[in-house]
Amino acid sequence: MAGLGHWGKNLVRNFDELADLRRLCDLAPELREAFARRYPNARMCDDFGELLEDADVDAIVIATPVPTHYVLAKQALEAGKHVFVEKPPAMRGEEMEELVAIAEDRDLTLMPGHLLLYHPGVRTMKELVDSGALGDVLCVYGNRQNLGIIRKDENALWSLGVHDLSVILYLLGEEPSEAWAHGNSFLTPGVEDVVFCYLRFPSGKIAHMHLSWLDPHKMRKITVVGRDKMVVFDDMELERKVTVYEKGPWQPAQTYGEWQTRTGDIYSPKIPNDEPLRLECEHFLSLVRGDGDRSRVARDGAAVVRALEQLQSSLAAVAA
Ligand SMILES: NC(=O)c1ccc[n+]([C@@H]2O[C@H](COP(=O)([O-])OP(=O)(O)OC[C@H]3O[C@@H](n4cnc5c(N)ncnc54)[C@H](O)[C@@H]3O)[C@@H](O)[C@H]2O)c1
């Protein structure tokens, strides 16, 4: 496991409980000391190369800063290790394709850390979409806003948008044919802190994302509008994570083609309380063991990077 920072510590806790945690690696001496006390059975190092050389290490988890992901993941795959790498595994579509190809070539798992895909609330939304309960899905939009954390080496699109994008692609099961982003860097030059995105899909569905760390609202919300029903996943809610609205447009025969609106029940299905990160770690370990489709997670991750890259190039073109 490499990268023992804010997020890495959560991964360490889970993998220590679920697997044989052999080695921990970080550049920061104070983190190595703290983790050595807490996880005495794991060997500590500051050199990623030591993980690669250890024949007893089957899989490597990477939770280092985003710009390092591609290089470290590539080294790990080339050393024959299964890889779980925090999102996004690469900052360019071409680099991601290369990682996917190495993993497929060697039959290794390359799993990007798309945490929300393991959220029981998102899974419930997916069931509602796939079962046809919402009717035809028309549009999806995500709100991911908060005042802070203000990052310097990733913009709001890459830091926040990656979550919504992974969910939008998962729910719709298609890749965008058009992707536009507009935003601005109000605080750190060149790092957009407010970004609005528009996506259009081959089926005609459309999506929007509002991503910002300059906002009075703390929002973690995804809304799916179907022709028959609408559903909202709100991760800020403690109990009502998913709300289904039996609302929609309809054309009564007597109104001769005029649209009217219909409102019915509003209800919240019960969502299991399982920790998404635990489910995500368990899924990675099951893929490492050979259960399930290894290449699927890598290919889905590549679709997210491709869409991010499309949005980023539109953002850069508008800013230029
Ligand atoms: N899935 C999620 O919800 C979620 C949430 C937060 C962060 N993340 C992701 O987790 C990753 C880490 O974020 P963070 O907030 O923990 O960052 P952080 O800066 O707190 O931690 C990164 C750690 O990596 C270490 N590091 C850097 N280069 C290294 C190398 N070559 N070898 C070993 N260690 C190295 C640093 O010393 C640091 O301790 C990022 O990719 C971020 O996008 C994911």
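Details
- For a label point 7 Å along the Cα-to-beta-carbon line of ASP265, residues of the stretch 134-159 with backbone N under 13 Å: none
- Sum of side-chain charges, HIS208 neighbourhood, beta-carbon under 15 Å (Lys, Arg +1; Asp, Glu -1): +2
- Label point distance in nm, VAL71-SER313, each placed 7 Å from Cα along Cα→Cβ: 2.5
- Top positive-direction residue, dipole computed over the stretch 127-215 with Cβ charges, set VAL129, TYR170, PHE186: PHE186
- When shorter helices are ignored and each DSSP H run of at least 4 residues is given -39500 (n - 2.57), the per-residue value for the chain at 222 nm works out to -11500 deg cm²/dmol.
- Selected from LEU27, LEU134, LEU238 as most flexible by GNM, with the chain as the system and alpha-carbon contacts under 10 Å: LEU238
- Measuring between alpha carbons in the structure, the pairs from LYS126/LYS221; LYS87/LYS152; LYS9/LYS152; LYS126/LYS229 lying more than 19 angstrom apart are LYS9/LYS152.
- The stretch 150-182 and the stretch 249-320: distance between their alpha carbon centers, rounded to Å: 11
- With all protein chains in place and a 1.4 Å probe, the accessible surface of the chain carries 50 percent carbon and sulfur.
- Three-way shape call for the stretch 90-222 based on the alpha-carbon gyration tensor, with the a/c threshold at 1.5: oblate
- Extension gain from LYS218 to SER177, taking 0.36 nm per residue of separation minus the Cα-Cα distance: 11.7 nm
- Helix runs (DSSP H) in the chain reaching 30 Å along axis by Cα, Kyte-Doolittle at least -1.0: 294-319
- Three-way shape label, the stretch 174-320, alpha-carbon gyration tensor, a/c 1.5: oblate
- Total formal charge among the other residues, if their Cβ is under 12 angstrom from that of VAL100, Lys/Arg +1 and Asp/Glu -1: -1
- Near LYS241, once Lys and Arg are set to +1 and Asp and Glu to -1 for all other residues with Cβ below 14 Å from its Cβ, the sum equals -1.
- Accessible area in square angstrom per residue, the chain, 1.4 angstrom probe: 48
- Cross-link partners for LYS247 among the aspartates and glutamates, with Cα-Cα distance under 16 Å and sequence neighbours closer than 8 places in the same chain left out: ASP136, ASP228, ASP265.
- Treating r as the C-beta distance of LEU27 and ILE150 and R0 as 25 Å, the FRET efficiency rounds to 0.65.
The values are calculated or read from the model by the stated rules, or taken from the named source; none is laboratory data. Values in this document were obtained by computation on a predicted structure and should not be read as measured data. Positions of Cβ are backbone-derived with ideal geometry, glycine not excepted, and every protein chain shown enters the neighbour counts. The area values use the complete protein model at the heavy-atom level, side chains included, leaving out ligands, DNA and RNA. Shrake-Rupley method; radii C 1.70, N 1.55, O 1.52, S 1.80 Å.
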